[in-house]
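Undergrad: Sharing a structure here in structure tokens format.
The values are calculated or read from the model by the stated rules, or taken from the named source; none is laboratory data. If you're wondering where the values come from, they're calculated on a predicted model, not measured in any experiment. Ideal geometry is used to build each Cβ from the backbone, glycine not excepted, and the neighbour counts take in all protein chains shown.
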Amino acid sequence: MVDEERGRVAIADAIERSRNCVVLTGLRLGGSDESDITHQRGEWTRKGSLEGLLTRPAEFWEYYEPVANLIARREPQPAHLALAELQRAGHVRSVITQAVDRLHARAGSEDVVEVHGNVISLRCDRCGERYGLGELPGLRAGAEDGVPRCTTEGCGFPLRPAGTLWGEPLIADAVEKAWQLAREADLFVVLDSELRTVPISLLPSVPLTQGTPLVIVGEVPTQYDRYAEVVVREPAAGVMVDVAALLRDRDSESSPSA
């Protein structure tokens, strides 16, 4: 583990040397996983679960709607904007996230791999129709039991959140893409992820087995700290804002017009 200033410079140096930097972010960029509503030791595991949706659907939606709306009201924070800036500048190739709030995409990051999907849209597993979270109150109000159903003609199947619920596997295509990106990375950066939940907890092992440098930033120690090239033990928000500023200054100094 390195001190704050040296850690930021070391991360900026590693990213500057990289040509294929991949970043993994946790449930809540800027804090620990437990700072998010959907963390694995909270109410979400009981009330936002697949079992709840299947066995107590009315109770599930009574819980889910206000939680999803709370998450949907979040705004991109400086760390999200810093990552988007680094991607636009060519310093970061891809972002993989465990978050379900779509803030990376809203901040301007492209082709974000959301391994848990998101909580702000719904889908019909029968016909594939999609619905926005804003449609949920009307769909629930139109159902006698409070369970939203597909409005496609001839369907009427109960809807579900588009994202992964507690107790079900992550989105297979997204996990496969994350593994591919990890294999191709020449630098792997982990931001505010406790790396406790399989299969994403195993993701850093992919670049490590190939000799790819690993950077870890976050308040909570992880099982991979001993193998990382740089570990900064503080929330990633301030760190990445500073790293983006360092690289912005370097890019400015090296540009022909500087």
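Undergrad: Being charged (D, E, K, R) and at pLDDT below 90 is true for just one of 51, 16, 85, 5. Which residue is that?
TA: The unique qualifying residue is 5.
Undergrad: Which residues, taken from the range 111-131, are assigned to a loop (DSSP other than H, G, I, E, B) and either more than 13 Å from the chain's Cα centre (by Cα) or polar (S, T, N, Q) (or both)?
TA: The answer is 118, 120, 124, 125, 126, 127, 128, 129.
Undergrad: Could you tell me which residue of the range 72-82 is modelled with the highest pLDDT, considering only residues that are outside any loop (DSSP other than H, G, I, E, B) and surrounded by fewer than 22 Cβ atoms within 10 Å (Cβ to Cβ)?
TA: Ranking the qualifying residues of the range 72-82, first place goes to 81.
Undergrad: Pull up the range 148-163, narrow it to residues that are touching a Leu at 6+ places or on another chain (Cβ under 8 Å) and over 30 Å from residue 23 (Cα atoms), then point me to the one that is surrounded by the most Cβ atoms within 10 Å (Cβ to Cβ).
TA: 159
Undergrad: Select from the range 58-74 the residues that are touching a residue at least 60 places away in the same chain (Cβ under 8 Å) and closer than 17 Å to residue 141 by Cβ and write down the one among them that is nearest to the chain's Cα centre (by Cα).
TA: 68
Undergrad: Same structure again: Kindly indicate whether residue 251 is within 29 Å of residue 167 (Cα to Cα), among the charged types (D, E, K, R) and over 17 Å from the mean Cα position of the chain (by Cα).
TA: Criteria not met by residue 251.
Conditions tested, residue by residue: (1) crowded, with 17+ Cβ neighbours inside 10 Å; (2) in contact (Cβ under 8 Å) with a residue 60 or more places away in the chain.
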site	(1), (2)
165	yes, yes
171	yes, no
196	no, yes
206	yes, no
210	no, no
217	yes, yes
229	no, yes
234	no, yes
240	yes, yes
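Undergrad: Please list, ordered by first then second residue, the pairs with beta carbon atoms under 8 Å, 6 or more apart or interchain, first in the range 114-133 and closer than 14 Å to residue 71 by Cα and at pLDDT below 95, second in a strand (DSSP E or B) and of a type in the set (Lys, Arg).
TA: Filtered contacts from the range 114-133: 121/130.
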